[in-house]
Amino acid sequence: MTKILLILLAATGLPSCICSTSYPIATTPLDTNPLVRHKSPPKPPASPFIGLTEAEAGLQADRQNVPHRVVSRDGESFPMTMDYSESRLNFTIANGRVIQVTKG
């Protein structure tokens, strides 16, 4: 069975098209210099609400007409509706301050 398969592959020329390339193959790693530091991916900008008190964050969101809610306070999660709203902000509060903001 394997002989038949090899004969069929050889007859079709498939191995030659798999092995041949029209571009050079790298033989050494591109990043061999140990002194080159690789940049980490850019971090998304921090939310302007992070670090504000719960009251300040609520006032700022109200001024911007942005719907918002507190989803967790000091480790206690609150019930939420399961509807997703791209414009709504979810605040996570710890020690009276916003520590995380997500959309939804």
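One table, with the values for the structure above:
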| read-out | value |
| --- | --- |
| Charge context of Ile93, other residues only, Cβ under 9 angstrom, K/R +1, D/E -1 | 0 |
| In sequence order, calculated HN-Hα J values of segment 74-82 (Karplus, 6.51, -1.76, 1.60; Hz; x Gly/Pro) | 6, x, 9, 7, 9, x, 9, 6, 8 |
| Whether segment 54-103 is rounded, prolate or oblate, judged on the alpha carbon gyration tensor where a/c under 1.5 counts as rounded | oblate |
| Amide H contacts of Val70 (H built 1.01 Å from N, under 5 Å, at least 5 apart or other chain) | Phe91 |
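Here, each number is a calculation from the coordinates, and none is a lab measurement. Everything numeric in this text was worked out from a predicted model, so none of it was measured. Please note: Cβ atoms are built from the backbone with ideal geometry, for glycine as well, and neighbour counts cover all protein chains shown.
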